[in-house]
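We did not get these values from a lab; they are worked out from the coordinates using the rules stated. All figures in this text were calculated on a predicted structure; none of them were measured in a lab. No Cβ is skipped: glycine too gets one built from the backbone with ideal geometry, and neighbour counts run over all protein chains shown.
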Amino acid sequence: MSETVQGFKRINFFKGFLTTEKDWNDAERYHIDKRRLHNRMLHSPGIVFGYGGDLRVAARARGDLSVEVQPGYAIDGMGNDLMIFDAAIRNISLEEFRLPQTIYIVLRYYEELTDFIAYKENLEYKGHRRVLESCKVELSQTEPDIMREVELARVYLEKGVQRVRDARDPAAPAANEIDMRYVQRGGLAGSMLPGALRVRLEQLLNQVRRGALEYTRRGVIAAHDVVQASNTALMLLYANLLDLRNVFDIFKLIIESEGELSLDVDVHHPTIAQKKEFSEYRRQVEILRGLLGENKNNNEAFQNLLAYQAKCAEIAMSAVAGEKAAIIVEDKKVEQKVADIKDWEGVKTLPQPKPQMDLEGITWVLVDEIEILNKESEDKHLFQIKEAKDSYRSRQKLKYPDGTTVEDTGRAHVDGYSEFKILNITPGRPVVILRRMDYVYGDYELELQANGKKVGIVSCVGTDRVHRWRNWPAMITEEYVKENSLLIRQASVTAGRDINMFHIWAYQPK
């Protein structure tokens, strides 16, 4: 930059001033540096929406390993203007990468000298008359740095990939699908949070909100404030207005509301307050208050805040896992709770499901379980895999979302179906089949049958490459439970996906 301790120097013309190429280049450099300074200080980096096709990345209709980037405008972290005037096509050459791997589609700023001229009368006078400010769509193997490039999309490529697709669910793209969740938005009112941190913050706020809702259902009045604070923070995030400039102030309101929730539980809900988990929740809230008191509004402090708040939200959920929701009494009649598969959402992340669990007013009891790759258990339950294109055995040592590591053995099959018998069933009551699965192979659907009758579709939505264990529930309603045993068939609906199982539990209401 041309700025010095004295500031910017602007060229000053006067009568008789003999200019050279340095003077003219300095004059241009002054305006370039001032424009970049303006962009850096008054506009956040990223894609500026509203011009052309907003640099949107899409798969091509021909179904190959190429993508098309629409025209658009962006600003990088150095304040450079990046603009594409026509659609650009970029081919992905698999020999350049070692799959499986995530590749990043980025836009980088370039300058190029053009319009060369040499004067025949005196070849000493020659040079380029123009500098073309340009940018290029490139593929990168490293996490994008906003200071030198703007991320347009990313794709996780699997081995054997033959084509890149648009994401069927943009909020949870699968492998070989274009992922634009991490794209940063730039412009007048924007956030400077990197895309990965923005997604992590969104997930955390939703986690805090879900936990607070569980407390509202148990009559904790102060939990409503936590819900509303989380809702407000999410709205600000969706409006692209949250970053390090204000996120600590936003979290101050959330954490103070969590402190009020803690006090409300201590005074009015002694059953929850006496739990060891809730005692740990109080401690986590005090840690969070201490973090805010340090007044360190930097990236490291933000990472610590996210980690401790995530732990706090997990503990809050565990403290009410066995507590019944408030029962609404009207005209002296108690409304009977109807079994709902949504009640099992919190069980998905339990490292060890309990023999008896109270979920939303219903007590569920373990009636049977199958240990996969235990010959005695498999033979007893007639476990088998049929008509699969491929099947294999596996031993995995993976983590649940709370960080607990569990080692287990299991089976998996591609296409076809798995079949097993559930024993000790009480007719006329619903049954929930709980399956421990490796969640890295998610995003598929199963057709579930019981005693030869189709009872529904089980959707295994989403994936997790870090915390890979989940206990996936499937419910068989009471109208299909007419005998004291059930022959269960899990048939693959989504072609080509690994259907894995490491342990199977069966529950019925008490």
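Annotations for the structure displayed:
- Rg/Rg_ref, the range 1-148, where Rg_ref = 2.2 N^0.38 Å and atoms are Cα: 1.38
- When both bridge partners sit in the chain, DSSP labels roughly 95% of those beta bridges antiparallel.
- Estimated D of the range 308-458 in µm² per second, where Rh is the Kirkwood radius over Cα pairs and Stokes-Einstein applies at 10 °C, 1.306 mPa s: 87 µm²/s
- Whole-number percent relative contact order across the range 1-146, with pairs defined as alpha carbons under 8 Å at least 6 apart: 16 percent
- Relative contact order [Cα under 8 Å, 6+ residues apart], the chain, whole percent: 10 percent
- Pairwise Cα inverse-distance average, inverted: Kirkwood Rh of the range 372-510 (Å): 15.4 Å
- Assigned charges on the beta-carbon of Lys, Arg, Asp, Glu; the chain dipole about Cα centre (debye): 180 debye
- For volume of the Cα convex hull per residue in Å³, computed directly from the structure shown, the correct entry in (1) 195; (2) 153; (3) 210 is (3).
- Rounded to the nearest 500, the 222 nm mean residue ellipticity of the chain from helices alone is -8500 deg cm²/dmol, with -39,500 (n - 2.57) taken per DSSP H run of at least 4 residues.
- Taking all Cα-Cα distances within the range 85-138, those exceeding 14 Å account for 70%.
- Listed residues N206, F85, N25: farthest to the positive end of the dipole of the chain (Cβ charges): F85
- Taking the charge dipole of the chain about its Cα centre, with +1 at Lys and Arg Cβ atoms and -1 at Asp and Glu Cβ atoms, the residue from Q184, V161, L486 reaching farthest to the positive side is V161.
- Kirkwood-Stokes translational diffusion coefficient of the range 362-432, alpha-carbon pairs, 10 °C, 1.306 mPa s, µm²/s: 109 µm²/s
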